[in-house]
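First up is the structure itself, then whatever we jot down about it.
Derivation of every value follows stated rules applied to the coordinates shown; laboratory data play no part. Worth saying up front: this structure is predicted, and the values here are computed from it rather than measured. Every residue, glycine among them, receives a Cβ derived from its backbone with ideal geometry; neighbour counts consider all protein chains shown.
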Amino acid sequence: MPDVPIYHRSEVPEHLMTSRQLTAAGRGAGSPGRPDAYMLVELFDSRLRSEGFVEEFDRRAVDRHRAAVWAQEVLEDPTSVLLDTETTDLHGRVLEIAVVSCGGEVLLETLVNPEGEQISPFAAAKHGITTEMVTEPLVPIFAAVHDELVELLAGKRIVCWNAGFDRRVLTAEADRLLPSYSTAVSTDWVSAQWEDAMTRHAEWSGERTAEGNGYRTHRLDGGHQALSDCAAMLTRLREMAANPELPPPPKKRGEWAADEQAELEMMARAGLSATEIAERTGRTETSVRWRLYKVDLGDFPSDLVTPRTTPKPEPAYTMDELRTVYRNSHKRWTDEEEQRLARRHAEGASIQQLVEEFGRNEGGVTARLARISLITPPEPSSSSTTPPF
């Protein structure tokens, strides 16, 4: 090696670049065959399995199982209750509250008078609650249900779909009842444990966000009414608890997409077997083995190839011989030919006449007529001796 400096990766001076970095910067090496320095690069044994990478691939299964166990614990916990609220706006007053047990018993369901707070058109379009509905004489203000709500929730495990939202709006309502109310003051109005079902369900579903930095959350789709949302949440919890294992990926056939191939190569380099890769991708093990061979990450799958025991038969006819009988045999049909064929068929020309006019055999003519939907395709005959031209 020439007598030039050798640097570790973290010690390379800024003015020293690789040939690729120089090209990207629009520059070239002064003496391409004589490097000014060398950089030590870490090397790893490719035969060893990367447990960290395999763990990353299996994390979805782990997170789903953990979320399913959580859902089962919630359903079995006698202190668990499901709560949902509807509001005048994203940061507005409470309009409706529902609390349901995990057995499905309705513990509280009430509209709430927002004391003059306007309902935003956006919120009204979502939950359908109008000013007329919440200003009925029998609809209570929050102060009238506060004590009942505290008694109902105290010491409970409160589960919500987006618990941060429900806890915030209810705490804001409780804060308004303080003798010296201020938005800068917040009270721990109920001693309870708040838990978010939405993020747990996201872990259970296992759908990555577009940025790839977490799991995508889902709407509850309960109709945006407090009681129906609680019922939908209970259904989701039961579904999660009953299905702790990841469903198998959908079966895939055809060409490998670029992201599929990248995933395949990462899994192969991490040491996963063809069987394991097939389970994670939805491809057959045969497809995986052929693809690994194609990208130089696997051996030739000789056991999948059936050797030919007899020589390939010689064709019965040459193309020149075929076209001495039918001059256009095996030629592509042009648009003009198809239009003329359709017109002649409509005029009542027989199949034999069409065979002679178009220089194709009977099978070719009838197949083209069937393809342009002018006749019903004929049933294939195994006894025909006419050559396929």
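Below, the figures for the structure above:
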| read-out | value |
| --- | --- |
| Relative contact order (%) - criterion: Cα under 8 Å, at least six apart; region: segment 258-304 | 28 percent |
| Fewest-first sequence of Val145, Val94 by Cβ atoms within 10 Å of each Cβ | Val145, Val94 |
| Correct choice for Cα Rg over 2.2 N^0.38 Å that was computed from the model, options [x] 1.70; [y] 1.26; [z] 1.19 | [x] |
| Efficiency of FRET from Cβ geometry, Leu304 and Glu279, R₀ 22 Å, rounded to 0.05 | 0.75 |
| For peptides 245-253, 79-87, sequence by mean Cβ density within 10 Å, most packed first | 79-87, 245-253 |
| Chain lengthening between Arg269 and Gln118 when straightened (0.36 nm per residue, less Cα-Cα) | 48.4 nm |
| Projected-area mean, segment 251-312, by convex hull of Cα positions, square nanometres | 5.1 nm² |
| Mean separation of Cα contacts under 8 Å, 6 or more apart, over the residue count of segment 56-242: relative contact order % | 29 percent |
| Cα lying deepest toward the dipole's positive end in the chain, options Ser350, Tyr293, Pro13, charges on Cβ | Ser350 |
| Whole-Hz ³J(HN,Hα) from phi, Karplus 6.51 cos²θ - 1.76 cosθ + 1.60, for segment 365-373, glycine and proline x | 5, 5, 5, 6, 4, 5, 5, 9, 6 |
| Test item: Cα-centred dipole of the chain, Lys/Arg +1 and Asp/Glu -1 on Cβ, debye | 2160 debye |
| The chain: calculated mean residue ellipticity at 222 nm from DSSP helix runs of at least 4, using -39500 (n - 2.57) | -12500 deg cm²/dmol |
| Rel. contact order, % - alpha carbon contacts under 8 angstrom, at least six apart, the chain | 14 percent |
| Spin-label pair Thr286/Ser19, simplified geometry with 7 Å Cα→Cβ offset, distance in nm | 4.4 nm |
| Förster radius 22 Å - calculated FRET efficiency between Asp188 and Glu148, Cβ distance, rounded to 0.05 | 0.75 |
